[in-house]
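Worksheet: the structure to be examined is printed underneath.
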Amino acid sequence: MTGLPGFLREGFLPLGAFYAGLRVYGLSAGIVAALVASVLIYLYERRAGRDALLVRLSLGFVLVQSIVGLAADSTTVYLAQPVLIAGAWGLAFLVSVPLGRPLAGALACAWYPFPAWFRELEAFKRVYGVQSLVWGAYFLGRSALRLAMLLNGSLESFLLVTFLTGTPVMLLLLAWSIRHSIRSFSALELSPHEALRAAA
């Protein structure tokens, strides 16, 4: 499992386990299989030293999703929950831009320790504002498409759309985001006031 990209490990192994359990033994078995896969992934992440808040929150969401799905006894209800959560993420990305606190910038700070003065620059907010709009549009568009397939298409078509619009597109967007940040900040020219703050 160590060679699998994180997105594939966390996004599609539980979904694959759900589909296999659903087809062989029914909905309850599918939900339990997905839950077991998610717990195994969580234990793997902990063992690898990645017991971060996001990992624990993801496991907590999977537990809630499983309980709701079992209580509703509905494949649609079970699968719709992460779709709606992704849509909420899309809205959060978009709303963060006019608030002057682009969510893409906050997430970038989790990967790279930008100094506080740099995070306050207009250039920082502009670069990550653009990225927040792009990611927001992606999450909303993907959620709308997945929800349409879930409500009107087959389960197989929903899973196909989930895969095609998931890891491949996310990896492309991540690569673009990194390249966009590097190119934008490399060409950045600080004002005298900003230069003084940087030297302080």
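The values are calculated or read from the model by the stated rules, or taken from the named source; none is laboratory data. Computed from a predicted structure; not experimentally measured. For neighbour counting, all protein chains shown are included, and Cβ atoms are generated from backbone atoms with ideal geometry for every residue, glycine included.
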Checking Val68 against (1) touching a Phe, Trp or Tyr at 6+ places or on another chain (Cβ under 9 Å); (2) more than 22 Å from Ser154 (Cβ to Cβ); (3) without any contact (Cβ under 8 Å) to a residue 12 or more places away in the chain, only one condition comes out false. Which one?
(3)
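For (1) closer than 30 Å to Val32 by Cβ; (2) at pLDDT 95 or above; (3) surrounded by 14 or more Cβ atoms within 10 Å (Cβ to Cβ), each residue gets a yes or a no:
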{"site": "Val62", "(1), (2), (3)": "yes, no, yes"}
{"site": "Val77", "(1), (2), (3)": "yes, yes, yes"}
{"site": "Pro82", "(1), (2), (3)": "yes, no, yes"}
{"site": "Gly87", "(1), (2), (3)": "yes, yes, yes"}
{"site": "Val97", "(1), (2), (3)": "no, yes, yes"}
{"site": "Gly100", "(1), (2), (3)": "no, no, no"}
{"site": "Gly105", "(1), (2), (3)": "no, no, yes"}
{"site": "Tyr128", "(1), (2), (3)": "no, yes, yes"}
Is it true that Ala86 is touching a residue at least 40 places away in the same chain (Cβ under 8 Å) and on the phi < 0 side of the Ramachandran plot?
yes
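Find the residue count for segment 65-94, including only residues that are of a type in the set (A, V, I, L, M) and in contact with a Pro (Cβ under 8 Å, 6 or more places away or on another chain).
Applying the first criterion (of a type in the set (A, V, I, L, M)) to segment 65-94 yields 67-68, 70-72, 77, 79-80, 83-86, 88, 91-92, 94.
Checking the rest, the ones that are also in contact with a Pro (Cβ under 8 Å, 6 or more places away or on another chain) come to none.
Here the count works out to 0.
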Please tell me if Phe163 is at pLDDT below 95 and more than 16 Å from the chain's Cα centre (by Cα).
no
Could you list all residues from segment 154-182 that are of a type in the set (Gly, Ala, Ser) and either part of a helix (DSSP H, G or I) or closer than 15 Å to Val83 by Cα (or both)?
Ser157, Gly166, Ala175, Ser177, Ser181
Check whether at least one residue in segment 64-72 is loosely packed, with under 14 Cβ neighbours inside 10 Å, within 15 Å of the chain's Cα centre (by Cα) and small (Gly, Ala, Ser), and report yes or no.
no
